[in-house]
Amino acid sequence: MAGDKRTAADLGAWLCFEDEAGQGLRSPTGRTWGRRGATLVVRVTAAGAARVSLAALVCTRPGRRSRLFYRTLARRRTRGDGKRQGFDERDYAALLDAAHQQLRGPIVLTWDNLNAHISARMRRLIAARPWLTVYQLPAYAPELNPVEGVWSQLKRSLANLAKHGLDQLVGLIKTRLKRMQYRPGLIDGYLAKPGLDFAAP
């Protein structure tokens, strides 16, 4: 990680972390108030196959406010052709292109070892973007990725909510992520949680 920080500082680049998550129509469970002796029930009125895939970038650069970028991908049913149902290499490239356009600077990206991140196709897409430098996180190290904080807060905010369809779930997710985008102090908190030092060396 220290090498990533030096590279970002040397390039005058944004240091960005990426991660994926998913959410189905069955809401995460959480604590709530209720009458003693009466168990609260949240009824879900949709098939379990419908799911939303999420990808997000948390980006930092000394002297600039921290940024959050995200994309959603809704799936109404599972595919039986064996193909990846979440984001593919094209989708990740589109997310990175959108972030680069808004950040207006080079990006040093740190992400995990997901198959789509290390595929030959992804390597070609990375090589075609001279403003992008990519590093892999160590295997099984979610505690080093600030985006995990985004997913944790998002899932807590969806706890015990009954969603009556995929469109409603996508709307709720986008609303909550958009609120996070306008709270740079919250994003700074996600960046601080792994205990990484982002100050320029």
Would you mind checking which residues have amide H under 5 Å from LEU109's amide H? H placed 1.01 Å from N; only 5 or more apart, or other chain. CYS16, THR133, VAL134, TYR135
Quick one: order LEU154, LEU114, LEU57 by neighbouring beta-carbon count within 10 Å, fewest to most. LEU114, LEU154, LEU57
Where in the range 119-141 does the label zone of ARG104 land, with the point 7 angstrom along Cα→C-beta and an amide N cut-off under 11 Å? none
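Each reported figure results from applying straightforward, stated rules to the coordinates on display, with no laboratory input. From a predicted model like this one, the values you see are computed outputs, not experimental measurements. Counting neighbours? That spans all protein chains shown, and the Cβs are built from the backbone with ideal geometry, glycine included.
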